[in-house]
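The values are calculated or read from the model by the stated rules, or taken from the named source; none is laboratory data. Note that the coordinates shown come from a computational prediction; the quantities given were computed from them, not determined experimentally. Here the Cβ positions follow ideal geometry from the backbone for every residue, glycine too, while neighbour counts run over all protein chains shown. Heavy atoms of the whole protein, side chains included, go into the accessibility calculation; ligands, DNA and RNA do not. Shrake-Rupley method; radii C 1.70, N 1.55, O 1.52, S 1.80 Å.
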Amino acid sequence: MLSSKASCNSHGEDSSYFLGWQLYDNNPFHGVVNPTGIIQMGLAENQLSFDLVESWLRKNLDAMGLKKDGESVFREALFQDYHGLPAFKKELVEYMAKIRGNKVTFDPNNLVLAAGATSANETLIFCLVDPGQAILLPTPYYPGFNRDLKWRTGVEIVPVHCWSSNGFRITMSALEDAYQSAQTLNLKVKGVLITNPSNRLGTTMTREERSHLITFAIAKNIHIISDEVFAGTVFDSPGFISIMEAAMDRSLENENPGLWNRIHIVYSLSKDLGLPGFRVGMIYSNNETVVSAATRMSSFGLVSSQTQYLLSNMLANKKFTSKYMKENQKRLKRKKEMLVSGLRTSGMECLKSNAGLFCWVDMRHLLSSNTFEAETKLWKTILCEVGLNMTAGESCHCSEPGWLRVCFANKSQATVQIAMRRLRDFAER
Amino acid sequence: MGLLSRRATCNTHGQDSSYFLGWQEYKKNPYNEVNNPNGIIQMGLAENQLCLDLLEPWLMKNPDALGLKRDGISIFKELALFQDYNGFPAFKRALVDFMGEIRGNKVSFDPNHVVLTAGATSANETLMFCLADQGDAFLLPTPYYPGFDRDLRWRTGVEIVPIHCTSSNGFKVTLPAIEQAYRQAQKRKLRVKGVLITNPSNPLGTTMARDELYLLINFIEDKQIHLISDEIYAGTVFTSPSFVSVMEVLKGRNLDQTQVWERVHIVYSLSKDLGLPGFRVGAIYSNDPVVVSAAIKMSSFGLVSSQTQYLLSAMLFDKKFTKEYMSENHKRLQKQQKDLVSGLEKAGIRCLDSNAGLFCWVDMRHLLKSNTFEAEMELWQKIVYHVKINISPGSSCHCIEPGWFRVCFANMLESTLKLAIQRLKSFVSSIAMKSQSHQELKSLRRKARNNWVSRLSLQSFYDREQDTTTEVSFSYRPHFMSLSNIAATLDAAA
């Protein structure tokens, strides 16, 4: 009666990742109204710097009011051209470059807007991969990828296993192994998708990892998709090196134009600027055919012109974006350090991280056995008895049980302290 | 192994069709009353720009809606973080109320059955993903919106099989036509999953009669398939007969507790009624909870900006405003349509009788050089490049008869419409003149040839009699050549 897509489970929303959310929705923590409720530590949202954005908005009422110099620009704001508002794309590429220390420049004509990175990732897969083909993904990875990359595209994900023994870094042998697995399963590999900074780990890729990826992509003649949505959340050294910068360092445009045309970036304003509700994502590619096809596909998920207008004004204010970036990074670092030391007092160590809105926490010593069943039991206990919703490593396809992702950027200092206190009590038991 | 996917490199996006090519030509040379008065007038874009002057004052009087405030207090943070695919509850409530109002409150909608999407483009594709697998088919009455070739087929792999409608009955859907389409699908070994109708119709500008809707409901009941009713133009019905939604017919026949009820889905959007295409607000409405659930999850790929949801929930809750807006909207649409229809009539061009939409379905069959799609293309090219008006040829809408064009009227000022009509009038007169002189020349040539032929046959009779061909043929050759020269000169002048 319905399609197989509507009746199957490939949307992945029955995984624990989403179950935790549902339980939280039924019993959310609130400092005053519901102090014993569940504290949400499974949501990678950046709520630390809204006051800066709100202050900008108060001083720039015209942008919200769809006005320019007091005159209504409502009519101009109504367009629906899938090429996007030119002023907005210009500001976006400048902002993207700024986040990358201006070591790369981007051409607005190579930028395709999408309704969030969710839409951008799916669109890119539609453009690069046919149903039944595969994409390699380093583990652990964002659970949403199961839906975003596979569900409607019919594409398979083959994991590139990473281990705590080397800090979950991508190795050449892990890439080769994944490629072999795909071949054994009769799956043609079209590309590798990395998230850099990593969503789970909170780390930026090393030079060695970048080098492996590029060498591998050249050897296998495949695409590299670099999901850089957390690029603006790098708060500590080492700094962030975009795949585009790595490609330029190796002069790929001249030395290997084939690969230069197979590198694509996904970006969004949801994590850096903390605006997930506004649905602003984008694809950047040097490949004209990809840009052209993706632009047409963006009809299925355009960005509201009202939002494009507001944000093009905000990003045009370079003084604001500089101040925001600096302050945002400071606050992220502070919050992360608070979480790390709080967890340490409970006997839990975090993977050393320099980015992201979360920590990757080692709870292997708390497992009753070195199995994913034990991990799930631990996760459920922390959710239901301790009242903290974290994300279990298994839902992120981690190869080793016992690791959990804990978010810190979506709550106040006081809430983090309460969470830490609850964990301490639990650990002491 | 191709570098990119088949989807990226094929033509199923349909954007090489004349529908889109006309747009591109317009973009290169757009008409502007002041800066480019000889530019191309855009009559290929179904946008409603007639009532923006009503929206603007509302925005001025309701600064909180744009300013993301509630009772003067900023709720920016709440909205910036709101990415729940269930949608902003207040917005969904306001939207279903508005949808009910448009249908004369003869149907009421449950906000829990609404799925918000980034425009009807996204809604239609999402429904395809939910109801059909790759290689399945949907039946669509022709002519239909050219964008469906992309929206319903491109990434989904679903096929469209046309239900051919003709001018013989005003392009109404008939049972033989539906059955013929179903048989055609079976011949092509395609499993038919449903029928998709656009009501009011794009490009016809007509609302479906009750008997058409009964026909369709009976058909889908019998074949146990789905019916999608794309009702995005529901709010543009400016004269009788009034709009009858498929939901109203189902309720009227007490089918609301049956299986058929769960196989009927509506697509809606605020792009046409409210004239806000840039805000990307679309919706799927379904009575099947499984479809709603799957569609909601898929809507992650095209959510509506929370900033926009908030603005529009405030606007749609202002019932006084929406009532006044819709009433004025209808008045202006009706006037503009009348101006176009009467203007075209004076140029000897008739339109299909219409009561809705932002366009007319125009009959230019009499202007074709021949009853073919090649002739239609030739005419279209002349209209775009020489008359400088972009309209949509019927072939791009899969119309089965050549000579029909969709001409939009709601995206321009009255003065621009007048100018477009003037240009068309001049064009038609020049064709008439050419055609007249062509006819005159044709008859002149016919006369001349007849004379020559009769003389030649007479002479050859003489020739045969006397057997002195050389002398005779020489004496007539110059005559023959001079006549054919004249004919050639006349042809060149035509």
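Checked against the criterion of being open to solvent by less than 10 Å² (accessible area, probe 1.4 Å), touching a Pro at 6+ places or on another chain (Cβ under 7 Å) and among the hydrophobic types (A, V, I, L, M, F, W, C), the candidates B:PHE359, B:PHE373 yield just one match: B:PHE359. When you look at A:LYS377, is it under 15 Å from A:PHE29 (Cα atoms) and either open to solvent by 10 Å² or more (accessible area, probe 1.4 Å) or in contact with a Ser or Thr (Cβ under 8 Å, 6 or more places away or on another chain) (or both), yes or no? Taking the combined requirement at face value, the residue does not satisfy it.
Counting just the residues of region A:37-70 that are more than 11 Å from chain B (Cβ to nearest Cβ) and over 30 Å from the mean Cα position of the chain (by Cα), which one comes out least open to solvent (accessible area, probe 1.4 Å)? Ranking the qualifying residues of region A:37-70, first place goes to A:GLY70. Listed by first and then second residue, the pairs with beta-carbon distance under 6 Å, at least 6 apart or on different chains, first residue in region B:94-114 and open to solvent by less than 40 Å² (accessible area, probe 1.4 Å), second among the charged types (D, E, K, R), are B:VAL107/B:GLU248; B:PRO111/B:LYS92; B:PRO111/B:ARG93; B:VAL114/B:LYS92. Whenever a residue of region B:423-445 is in contact (Cβ under 8 Å) with a residue 24 or more places away in the chain, its partners that are open to solvent by less than 40 Å² (accessible area, probe 1.4 Å) and not in a helix (DSSP H, G or I), lying with C-beta atoms within less than 6 angstrom and at least six residues away or across chains, give the pairs B:ARG423/B:VAL387; B:LEU424/B:ALA347; B:LYS425/B:ALA347; B:PHE427/B:VAL387; B:VAL428/B:ALA347. Evaluation of A:ASN109 against the conditions (1) polar (S, T, N, Q); (2) surrounded by fewer than 24 Cβ atoms within 10 Å (Cβ to Cβ); (3) under 26 Å from A:THR206 (Cβ atoms) shows that the sole unmet condition is (3). Scanning region A:284-291 finds one or more residues that are more than 24 Å from B:SER305 (Cβ to Cβ), open to solvent by 10 Å² or more (accessible area, probe 1.4 Å) and assigned to a helix (DSSP H, G or I).
The single condition from (1) more than 14 Å from every other protein chain (Cβ to nearest Cβ); (2) at pLDDT 95 or above that A:THR118 fails is (1).
Total residues in region B:84-93 satisfying the condition of being open to solvent by less than 30 Å² (accessible area, probe 1.4 Å) and either farther than 22 Å from B:GLU324 by Cβ or part of a loop (DSSP other than H, G, I, E, B) (or both): the figure is 3. Residue count for region A:396-419 satisfying the condition of being farther than 24 Å from A:PHE372 by Cα and open to solvent by 10 Å² or more (accessible area, probe 1.4 Å): 8.
A single entry from A:ASN46, A:ASN60 fulfils the requirement of being of a type outside the set (Val, Ile, Thr) and in the same structural domain as A:CYS407 (by the TED database): A:ASN46. The number of residues in region A:212-239 being of a type in the set (Ser, Thr, Tyr), at pLDDT 95 or above and open to solvent by 10 Å² or more (accessible area, probe 1.4 Å) comes to 1.
In region A:74-106, what residues are within 14 Å of chain B (Cβ to nearest Cβ) and farther than 17 Å from A:ASN317 by Cβ? Residues satisfying the conditions are A:PHE74, A:ARG75, A:GLU76, A:ALA77, A:LEU78, A:PHE79, A:GLN80, A:ASP81, A:TYR82, A:HIS83, A:GLY84, A:PRO86.
Of everything in region B:278-291 that is open to solvent by 10 Å² or more (accessible area, probe 1.4 Å) and within 10 Å of another protein chain (Cβ to nearest Cβ), the residue that is farthest from the chain's Cα centre (by Cα) is B:VAL290. Hey, does region B:137-144 have a residue that's assigned to a helix (DSSP H, G or I) and open to solvent by 10 Å² or more (accessible area, probe 1.4 Å)? No, region B:137-144 contains no residue that is assigned to a helix (DSSP H, G or I) and open to solvent by 10 Å² or more (accessible area, probe 1.4 Å).
Please state which one of B:GLY170, B:GLY194, B:GLY104 is of a type in the set (Gly, Ala, Ser), at pLDDT below 95 and over 15 Å from the mean Cα position of the chain (by Cα). Steps first, answer last, please.
Numbers: B:GLY170 fails: at pLDDT below 95; B:GLY194 fails: at pLDDT below 95.
From the options B:GLY170, B:GLY194, B:GLY104, the qualifying one is B:GLY104.
Within the option set B:LYS297, B:LYS319, B:LYS251, being of a type outside the set (Ser, Thr, Tyr), under 14 Å from B:PHE91 (Cα atoms) and more than 28 Å from the chain's Cα centre (by Cα) holds for one residue only, B:LYS319.
Check whether at least one residue in region B:158-173 is within 14 Å of chain A (Cβ to nearest Cβ), closer than 19 Å to B:CYS130 by Cα and surrounded by 21 or more Cβ atoms within 10 Å (Cβ to Cβ), and report yes or no. Looking for residues that are within 14 Å of chain A (Cβ to nearest Cβ), closer than 19 Å to B:CYS130 by Cα and surrounded by 21 or more Cβ atoms within 10 Å (Cβ to Cβ), one finds at least one in region B:158-173, hence yes.
Does B:LEU274 fit the bill of being open to solvent by less than 20 Å² (accessible area, probe 1.4 Å), farther than 27 Å from B:TYR182 by Cα and not polar (S, T, N, Q)? Quick ask: steps written out before the conclusion?
On the way: open to solvent by less than 20 Å² (accessible area, probe 1.4 Å): yes; farther than 27 Å from B:TYR182 by Cα: yes; not polar (S, T, N, Q): yes.
For B:LEU274, the condition - open to solvent by less than 20 Å² (accessible area, probe 1.4 Å), farther than 27 Å from B:TYR182 by Cα and not polar (S, T, N, Q) - is met.
Inside region A:248-305, residues that are basic (Lys, Arg) and either without any contact (Cβ under 8 Å) to a residue 60 or more places away in the chain or not assigned by the TED database to the domain that holds A:HIS223 (or both) make up a count of 1.
Hey, any hits in region B:394-411 for a residue that's in contact with a strand residue (DSSP E or B) (Cβ under 6 Å, 6 or more places away or on another chain), farther than 20 Å from B:LYS335 by Cα, open to solvent by less than 60 Å² (accessible area, probe 1.4 Å) and in a helix (DSSP H, G or I)? Scanning region B:394-411 turns up at least one residue that is in contact with a strand residue (DSSP E or B) (Cβ under 6 Å, 6 or more places away or on another chain), farther than 20 Å from B:LYS335 by Cα, open to solvent by less than 60 Å² (accessible area, probe 1.4 Å) and in a helix (DSSP H, G or I).
Would you check which residues across region B:244-260 are open to solvent by 10 Å² or more (accessible area, probe 1.4 Å) and in contact with a Lys or Arg (Cβ under 9 Å, 6 or more places away or on another chain) and list them? Working first, answer last.
Going through region B:244-260, the residues open to solvent by 10 Å² or more (accessible area, probe 1.4 Å) turn out to be B:244, B:248, B:251-259.
Listed by number, the residues that qualify are B:VAL244, B:GLU248, B:LYS251, B:GLY252.
Can you go through B:VAL267, B:VAL304, B:VAL281 and tell me which one is of a type in the set (A, V, I, L, M), touching a strand residue (DSSP E or B) at 6+ places or on another chain (Cβ under 6 Å), at pLDDT below 95 and under 30 Å from B:LEU66 (Cβ atoms)? If you could, list the steps in order and put the result at the bottom.
Details: B:VAL267 fails: at pLDDT below 95; B:VAL281 fails: touching a strand residue (DSSP E or B) at 6+ places or on another chain (Cβ under 6 Å).
Exactly one residue qualifies, and that residue is B:VAL304.
Does region A:324-333 include one or more residues that are open to solvent by less than 10 Å² (accessible area, probe 1.4 Å) and in contact with a Lys or Arg (Cβ under 8 Å, 6 or more places away or on another chain)? No, because not a single residue in region A:324-333 is open to solvent by less than 10 Å² (accessible area, probe 1.4 Å) and in contact with a Lys or Arg (Cβ under 8 Å, 6 or more places away or on another chain).
One residue stands out in region B:38-67 among those that are over 22 Å from A:GLN80 (Cα atoms) and touching a residue at least 40 places away in the same chain (Cβ under 8 Å): the one that is farthest from the other protein chains (Cβ to nearest Cβ), namely B:ASN38.
For region B:395-405, state whether one or more residues are closer than 16 Å to B:ASP339 by Cβ and in contact (Cβ under 8 Å) with a residue 60 or more places away in the chain. Walk me through how you get there before you give the answer.
The initial filter retains those residues of region B:395-405 that are closer than 16 Å to B:ASP339 by Cβ, namely none.
Within region B:395-405, none of the residues are closer than 16 Å to B:ASP339 by Cβ and in contact (Cβ under 8 Å) with a residue 60 or more places away in the chain.
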